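*Asks:* Dropping a structure here in structure tokens format, bear with me for questions.
The values are calculated or read from the model by the stated rules, or taken from the named source; none is laboratory data. What you see is a predicted model; the values in this text were computed from it and never measured. Heads up, the Cβs are rebuilt from the backbone with ideal geometry, glycines too, and the neighbour counts pull from every protein chain shown.
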Amino acid sequence: MKKLYLSQIENGSPISQDLYNPHGAILVPKGKTMTPKLRQQLLRNNIDSFLIDITGYESIENYYEHFEEPEIQQIEAVKKVYNNSFASLSSEFENFKRNRNLDKKTLRDTAKELVASIGKYQHVYLGLEGIRRKDFYTYIHSVDVAIFMIVMGKSLRMDEKNLEQAALAGLLHDIGKISIDDSILLKPGKLTNLEMEKMRKHTEIGYEILKEKMNYPDEIARAALEHHERMDALGYPGKISWDKIHLYSRMAAICDVYDAITGERVYKKAMLPHEAVEYLMTIVGKHLDRSLTTQFIRNIAVYPMGTKVELNNGENGIVIKLHDGYPTRPVIKIPEKGIYRDLLQDNTILIQNILCPEESSEAI
Ligand SMILES: [Fe+2]
């Protein structure tokens with residue numbers, strides 16, 4: 001138990017855990033908000049401090065405790081859609097391996113569900129780096145790419161139909177990998193030239209599956225074909241020039257690289273989002289479309305929820321909430337003082353440092 005003074009709780013702050021007296025009775029239940037009236041009532045009863053339970057408080061595994069009830073519900077809703085998307089995409093890919101067929105309706109519904117869910121909970125999707133499973137299967141990567149494609153498409157003000165197409169392009173961009181041998185796909189070390197040549201074929205194989213076999217519209221099939229093309233025309237398979245690469249393919253290229261470097265792979269550790277942003281900036285113009293990448297960076301979470309940070313006022317806290325469109329101005333909880341700092345409201349406060357990066361990037 002730890003002592004918390006009433007003066008440390010600001011008016012308007014939600015109470016995220018029960019506040020006790022020294023005898024263990026709850027004085028203020030969690031879920032309440034501090035108001036001038038409540039403060040007066042407490043002071044009238046000579047209550048100016050409380051005890052709070054801090055067991056496990058510093059552990060990132062328990063950071064759900066830092067969230068208010070509605071946020072936990074949102075996280076659960078997002079996880080459900082994510083898991084559904086993952087399940088239907090993986091079963092469709094497995095299906096294709098067996099019968100050379102895809103259920104286009106299931107895939108379209110998956111894209112639609114993702115678009116609708118991100119429309120409601122974009123801040124939750126972007127905040128939950130830990131939602132990703134730490135393995136390397138193509139369909140998990142593809143769901144992540146689809147999510148990033150939707151976020152980017154929304155920032156480009158695409159209409160719903162285009163968002164769904166972009167999501168489908170993301171879900172299916174790596175479908176050609178189902179024809180690549182696992183010994184190559186999952187190889188921990190560097191690929192030989194021959195293996196690399198085979199791996200690169202996933203672009204053309206994907207295009208063939210989507211366009212010739214499944215009759216998908218050209219822009220969706222082209223995302224499979226062109227997502228490894230580069231702005232400087234040094235990509236593969238076609239070494240085509242920037243103006244020939246379809247918008248969805250350019251979007252997929254950015255999301256693909258970002259997801260690859262921030263996700264854990266068999267052969268490497270994940271980069272933290274703020275490191276990934278710096279990396280993306282080093283390859284814009286050469287590999288990636290400059291304006292789309294800038295747009296993307298403006299919208300992704302540089303500090304995902306659960307990240308431990310140090311503020312310029314010396315306080316240490318945990319990112320507990322994100323504001324759409326303001327990735328560097330999240331809401332920070334300061335457990336020491338039991339208060340919240342909303343960096344969008346108070347622009348004198350800045351994040352100075354990320355603490356314990358290994359811990360803060362842990363999965364939920
Ligand atoms: Fe790929």
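*Asks:* Of G263, G238, G317, which residue is over 17 Å from the mean Cα position of the chain (by Cα) and within 25 Å of L185 (Cβ to Cβ)?
*Replies:* Residue meeting the stated conditions: G238.
*Asks:* Among the residues of the range 268-285, is there at least one that is at pLDDT 85 or above and within 14 Å of the ligand (Cβ to nearest atom)?
*Replies:* No, every residue in the range 268-285 fails to be at pLDDT 85 or above and within 14 Å of the ligand (Cβ to nearest atom).
*Asks:* Is it the case, given these coordinates, that I178 is touching a His at 6+ places or on another chain (Cβ under 9 Å) and of a type in the set (V, I, T)?
*Replies:* Yes; evaluated as a whole, the condition is true for this residue.
*Asks:* Quick one: G317 ticks every box in (1) touching a Leu at 6+ places or on another chain (Cβ under 8 Å); (2) assigned by TED's automatic domain parsing to the domain that holds V145; (3) outside any helix (DSSP H, G or I) except a single one, so which number is it?
*Replies:* (2)
*Asks:* So which residues in the range 184-203 are outside any helix (DSSP H, G or I), without any contact (Cβ under 8 Å) to a residue 40 or more places away in the chain and not charged (D, E, K, R)?
*Replies:* L191, T192
*Asks:* Of the residues that sit in the range 155-183 and are of a type in the set (K, R) and assigned to a helix (DSSP H, G or I), which one is farthest from the ligand (Cβ to nearest atom)?
*Replies:* K161
*Asks:* Do we find a residue being within 16 Å of the ligand (Cβ to nearest atom) and of a type in the set (S, T, N, Q) anywhere in the range 297-310?
*Replies:* no
*Asks:* Something else now. Hey, can you tell me all the residues within the range 222-257 that are aliphatic (A, V, I, L, M), more than 11 Å from the ligand (Cβ to nearest atom) and buried (at least 22 other Cβ atoms within 10 Å of the Cβ)?
*Replies:* Scanning the range 222-257 gives I245, M251, I254.
*Asks:* Confirm whether S7 is at pLDDT below 80, touching an Asp or Glu at 6+ places or on another chain (Cβ under 8 Å) and either surrounded by 15 or more Cβ atoms within 10 Å (Cβ to Cβ) or of a type in the set (D, E, K, R) (or both).
*Replies:* In short, no.
*Asks:* Among all residue pairs at least 6 apart or on different chains, which show Cβ distances below 8 Å where the first residue, located in the range 25-39, is farther than 15 Å from I339 by Cβ and the second is aromatic (F, W, Y) and surrounded by 15 or more Cβ atoms within 10 Å (Cβ to Cβ)?
*Replies:* I26/Y20; L27/Y20; L27/F50
*Asks:* Where residues in the range 288-321 are of a type in the set (A, V, I, L, M, F, W, C) and under 27 Å from Y5 (Cα atoms), which of them is modelled with the highest pLDDT?
*Replies:* Looking at residues that are of a type in the set (A, V, I, L, M, F, W, C) and under 27 Å from Y5 (Cα atoms), I get L311.
*Asks:* For the range 227-263, give me each residue that is more than 19 Å from L156 (Cα to Cα) and small (G, A, S).
*Replies:* Result: A233, G235, G238, S241, A260, G263.
*Asks:* Any chance you could count how many residues in the range 148-198 are within 25 Å of F296 (Cβ to Cβ) and surrounded by 15 or more Cβ atoms within 10 Å (Cβ to Cβ)?
*Replies:* Number satisfying all stated conditions: 26.
*Asks:* Could you tell me whether the range 126-143 includes any residue that is away from the ligand (no atom under 16 Å from the Cβ), in a helix (DSSP H, G or I) and without any contact (Cβ under 8 Å) to a residue 60 or more places away in the chain?
*Replies:* Scanning the range 126-143, I find no residue that is away from the ligand (no atom under 16 Å from the Cβ), in a helix (DSSP H, G or I) and without any contact (Cβ under 8 Å) to a residue 60 or more places away in the chain, so the answer is no.
*Asks:* Test V81 against the stated conditions and say whether it is assigned to a helix (DSSP H, G or I), touching a Leu at 6+ places or on another chain (Cβ under 6 Å) and at pLDDT 90 or above.
*Replies:* no
*Asks:* Select, from E195, E204, E212, the only residue that is charged (D, E, K, R) and within 13 Å of the ligand (Cβ to nearest atom).
*Replies:* E204
*Asks:* Continuing with this model, one more query. Across the range 258-278, which residue is surrounded by the fewest Cβ atoms within 10 Å (Cβ to Cβ) among those that are assigned to a loop (DSSP other than H, G, I, E, B) and of a type in the set (A, V, I, L, M)?
*Replies:* V266
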